[in-house]
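Where a number appears in this text, it was derived from the coordinates with a stated rule and is not lab data. Everything numeric in this text was worked out from a predicted model, so none of it was measured. Cβ placement follows ideal geometry from the backbone for every residue including glycine, while neighbour counts extend to all protein chains displayed.
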Amino acid sequence: MAINNSILDNLKRTVEQLQSSVNDSIQESINKNKDEIKQLQTQEQLFQGQNSKGVDIKPAYANSTIKIKRRKGLPTDRVTLFDSGDFYRSLEVIAGKNNAVIRTVISYSVFLVSKYADILGLDEESWTKFLAEYTIPTIKKNFDDIIAKS
């Protein structure tokens with residue numbers, strides 16, 4: 001039985017399209033869900049006192065900061081980097097082909113990063129959640145579209 005070369009060529013092209021669509025799908029999922037990434041960064045990590053490595057943000061607040069936060073009704077049992085909300089609102093998500101960069105240009109961000117180190121970026125748990133809820137479905141949809149056209 002002879003194999004039709006055009007069928008094999010078509011299959012090969014489809015597989016190549018599937019492979020090349022993965023990074024585009026990752027970028028698409030990040031671009032479409034930047035607010036979700038910011039939510040994971042601020043509410044699931046920073047406000048819970050976790051840095052991008054999934055460990056407690058250190059060092060602890062100074063006593064003077066604790067007094068101010070108590071007056072404002074903000075948590076003092078962990079470092080949240082939340083005071084007025086300006087820092088959280090200043091975060092920007094930039095999509096790469098297979099990653100996301102979270103940055104801020106707020107004037108005091110240099111101080112925060114130098115004092116607390118790994119505060120920008122999602123930890124493994126947050127990335128896993130994002131990938132499962134947004135990226136994998138985007139990849140599946142794009143795969144289905146490519147297969148349907150082949």
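One table, with the values for the structure above:
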| item | result |
| --- | --- |
| Residue match in segment 108-120 (condition: free of Cβ contacts under 8 Å to residues at least 40 places away in the same chain, under 21 Å from GLU44 (Cβ atoms) and of a type in the set (Ser, Thr, Tyr)) | yes |
| Which numbered condition GLY49 fails, given (1) small (Gly, Ala, Ser); (2) without any contact (Cβ under 8 Å) to a residue 60 or more places away in the chain; (3) surrounded by fewer than 17 Cβ atoms within 10 Å (Cβ to Cβ) | (3) |
| Flag if LEU18 is over 20 Å from LEU120 (Cα atoms) and touching a residue at least 60 places away in the same chain (Cβ under 8 Å) | yes |
| Enumeration of residues in segment 98-133 that are surrounded by fewer than 18 Cβ atoms within 10 Å (Cβ to Cβ) and hydroxyl-bearing (Ser, Thr, Tyr) | SER107, TYR108, SER109, SER114, TYR116, THR128 |
| Some residue of segment 139-147 being over 30 Å from ARG13 (Cβ atoms) and either in contact (Cβ under 8 Å) with a residue 12 or more places away in the chain or among the small types (Gly, Ala, Ser) (or both) | no |
| Filter result for ILE57 (of a type outside the set (Gly, Ala, Ser), surrounded by 14 or more Cβ atoms within 10 Å (Cβ to Cβ) and in contact with a strand residue (DSSP E or B) (Cβ under 6 Å, 6 or more places away or on another chain)) | no |
| Residues located in segment 18-43, provided they are farther than 19 Å from TYR88 by Cα and surrounded by 15 or more Cβ atoms within 10 Å (Cβ to Cβ) | LEU18, SER21, VAL22, SER25, ILE26, GLN27, GLU28, SER29 |
